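Take a look at the structure below.
None of the figures in this text is laboratory data; all of them are computed from the coordinates on show. Computed from a predicted structure; not experimentally measured. Cβ: placed from backbone, ideal geometry, glycine included. Neighbour counts: every protein chain shown.
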Amino acid sequence: MKTYKAYAKVNIFLKITGKRDGFHEIISRFMRVNSLYDELSFIKKTSKKFEIIGNFSCSTKQNTIYKAYEALKQSIKSDSLEKLMQTYAIKVDKRIPAFAGLGGGSSDAATYLHMCNEALNLGLSKNELASIGSKVGADVAFFIYGYNSANVSGIGEIVQEYKEEIMDFKIFTPDIEISTPKVYKSYRKNFYSPIDAKEIESLKNMDSINILNNMSADEANDLLKPAILEYTELKKHSKDGYFFSGSGSSFFMLQ
């Protein structure tokens, strides 16, 4: 059976630009990490219930793959997907750490949507898949498009390809389970200072290598300081040369 790779990402920078409907709007550079990925495949099963085989701490219904299944089912209005998932389980060889700021759950959901689109010959475009994926999570759209690098804005739903060479990263993920809502809440309470339009345009047009060479970790990511405030044990892992991905807990540096 064919195996599909669900790649991780890092945030080269992540800046808050404002608030909308209770959510924070961002501008961020996402870059795919070619050396770190989960592997997904369909495998035959005997029971008819929806099944995910893999090392997950959450329940099936909390899993982003199941949420993607529900979103796709509502969108296509067909029983073909249900029949597919009564015949096959989704097997996930999980390598991307959870709660790590590397987009593992979002990448799994996006990969699952691509798999179903292909298996059922649904003919859905990437834009259509991204729209469905946005019901699952803010980062899913980036993984749907499959870009090496992209500027991501809004609450994560606006993805604009940024053409540059992909880079190799050394990634370190402390064993700290971080709550993204908790970090954003701390940012809003203690550090809220959205950047202006001029800064947004400057960052959007700057190569990732230049950003990493010219910004410190806390300059590049607005969520580092609130994450350390809420999870003080992160401080000992914040080392020179390492940058912070998303709301953490992963740190990365150029190889």
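Starting from the Cα gyration tensor of segment 4-254, multiply each eigenvalue by 5, take the square root, and state the resulting semi-axes largest first in whole Å.
Working: eigenvalues 202, 73, 57 Å².
Equivalent ellipsoid semi-axes, largest first: 32, 19, 17 Å.
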For the chain, with a Gaussian network of springs between Cα atoms less than 10 Å apart, report the residue from Ala197, Ala71, Ala138 with the top mean-square fluctuation. Ala197
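Fewest first, what order do Asp168, Asp218, Asp38 take by the number of other Cβ atoms within 10 Å? Write out the running numbers ahead of the final one.
Numbers: Asp168 9, Asp218 15, Asp38 20.
Ranking Asp168, Asp218, Asp38 by Cβ neighbours within 10 Å, fewest first, gives Asp168, Asp218, Asp38.
Which entries of Lys9/Lys83; Lys61/Lys94; Lys19/Lys189; Lys2/Lys135 have Cα-Cα distances beyond 21 Å here?
Details: Lys9/Lys83 32 Å; Lys61/Lys94 17 Å; Lys19/Lys189 13 Å; Lys2/Lys135 26 Å.
Lys9/Lys83; Lys2/Lys135, as the Cα separations exceed 21 Å there.
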Under 15 Å from the Cα of Lys185, which aspartates and glutamates turn up, not counting those fewer than eight places away in the same chain? Asp21, Glu25, Asp222, Glu230
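Using only the Cα atoms of segment 1-42, build the gyration tensor, take square roots of its eigenvalues as a ≥ b ≥ c, and label the shape rounded, prolate or oblate: rounded if a/c is under 1.5, else prolate if a/b is larger than b/c, else oblate.
Working: a/c = 6.21, a/b = 2.21, b/c = 2.82.
Taking the square roots of the gyration eigenvalues as a ≥ b ≥ c, segment 1-42 is oblate.
Would you mind ranking Ile43, Ile132, Ile158 by Cβ crowding within 10 Å, fewest neighbours first? Before the final figure, lay out each step's value.
Working: Ile43 11, Ile132 25, Ile158 14.
By the 10 Å Cβ count, ascending, the order reads Ile43, Ile158, Ile132.
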For the residues Leu14, Leu223, what sequence is obtained by ranking on other C-beta atoms within 10 Å, fewest first? Leu14, Leu223
